[in-house]
Amino acid sequence: MFIAADARSVPAAAAWLGALGAVPFLACAGAILFGPAEIAGTASDVVTAYGAIILSFLGGIQWGFATRNVPVGNEHIALLRRLSMSVLPSLMAWAALLVPRETGLHVLAGAFLLVFAFDIRAARMNAAPGWYPSLRMPLTFLVVASILGASLG
């Protein structure tokens, strides 16, 4: 088990895998903004679908944080609220796939920022590792910038 030197030290594996997960966002935004016009529509669809997948993944992480160390029979309103917040990213991702492309990209950008706020809250409640917001902050802003850039194409 990895134990960080301090609460803000992001494990190297998490940093590398997180950075690799951002590559499709950057590649699609670059293709839309700087590539040939005939690939912009496909790249936009790809970044929207990938954004929805990753947003759902982040919601699953929130579910894991919410259910960590919860004894059976201790289902109370706070747990219900946290579990509800954890499914919201998947619902927003689904909605982003149903609306026109530019609107969907804006929904995704807002949802990524919302999940980052959930991440900060989870860390403050000691439900997430202390380093988790330090991992998520640069990734969130890179992803949101990529998505917003893609919406311009």
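The values are calculated or read from the model by the stated rules, or taken from the named source; none is laboratory data. All figures in this text were calculated on a predicted structure; none of them were measured in a lab. Here the Cβ positions follow ideal geometry from the backbone for every residue, glycine too, while neighbour counts run over all protein chains shown.
Considering only the range 8-26, I want to know if a residue exists there that is modelled with pLDDT under 95 and of a type outside the set (A, V, I, L, M).
yes
Looking at Ala117, Ala128, Ala122 in this structure, which one is farther than 28 Å from Ala37 by Cβ, outside any helix (DSSP H, G or I) and among the small types (Gly, Ala, Ser)?
Step by step, each of Ala117, Ala128, Ala122 is checked, and only Ala128 is farther than 28 Å from Ala37 by Cβ, outside any helix (DSSP H, G or I) and among the small types (Gly, Ala, Ser).
List the number of the failed condition for Asn69; all other conditions in (1) within 14 Å of Ala150 (Cβ to Cβ); (2) surrounded by fewer than 18 Cβ atoms within 10 Å (Cβ to Cβ); (3) polar (S, T, N, Q) hold.
(1)
Name the residue, out of Ser134, Ser84, Ser151, that is polar (S, T, N, Q), farther than 30 Å from Ala43 by Cα and part of a helix (DSSP H, G or I).
Result: Ser84 is the single residue among Ser134, Ser84, Ser151 that is polar (S, T, N, Q), farther than 30 Å from Ala43 by Cα and part of a helix (DSSP H, G or I).
List every residue pair whose Cβ atoms sit under 6 Å apart, with the two residues 6 or more apart in sequence or on different chains, where the first one lies in the range 128-153 and is under 20 Å from Arg82 (Cβ atoms) and of a type in the set (S, T, N, Q) and the second, anywhere, is modelled with pLDDT of 95 or more and buried (at least 18 other Cβ atoms within 10 Å of the Cβ).
Thr140/Phe112; Thr140/Phe116
Specify which of the listed residues (Ala96, Ala122) is on the phi < 0 side of the Ramachandran plot, at pLDDT 95 or above and not polar (S, T, N, Q).
Only one candidate passes the filter, namely Ala96.
Residues are listed down the side, and each one gets a yes or a no for (1) within 12 Å of the chain's Cα centre (by Cα); (2) surrounded by fewer than 16 Cβ atoms within 10 Å (Cβ to Cβ):
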position	(1), (2)
Ala14	no, no
Leu17	no, yes
Phe34	no, yes
Glu38	no, yes
Asp45	no, yes
Ile53	yes, yes
Gly59	yes, no
Gly64	no, yes
Arg82	no, no
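What number goes with the only condition from (1) under 20 Å from Ala27 (Cα atoms); (2) at pLDDT below 95; (3) surrounded by 15 or more Cβ atoms within 10 Å (Cβ to Cβ) that Phe112 does not pass?
The single condition Phe112 does not satisfy is (2).
Please pick out the residue among Ala95, Ala117 that is more than 19 Å from Leu152 (Cα to Cα), without any contact (Cβ under 8 Å) to a residue 24 or more places away in the chain and surrounded by 14 or more Cβ atoms within 10 Å (Cβ to Cβ). Before the answer, list the steps.
On the way: Ala117 fails: surrounded by 14 or more Cβ atoms within 10 Å (Cβ to Cβ).
Among Ala95, Ala117, only Ala95 is more than 19 Å from Leu152 (Cα to Cα), without any contact (Cβ under 8 Å) to a residue 24 or more places away in the chain and surrounded by 14 or more Cβ atoms within 10 Å (Cβ to Cβ).
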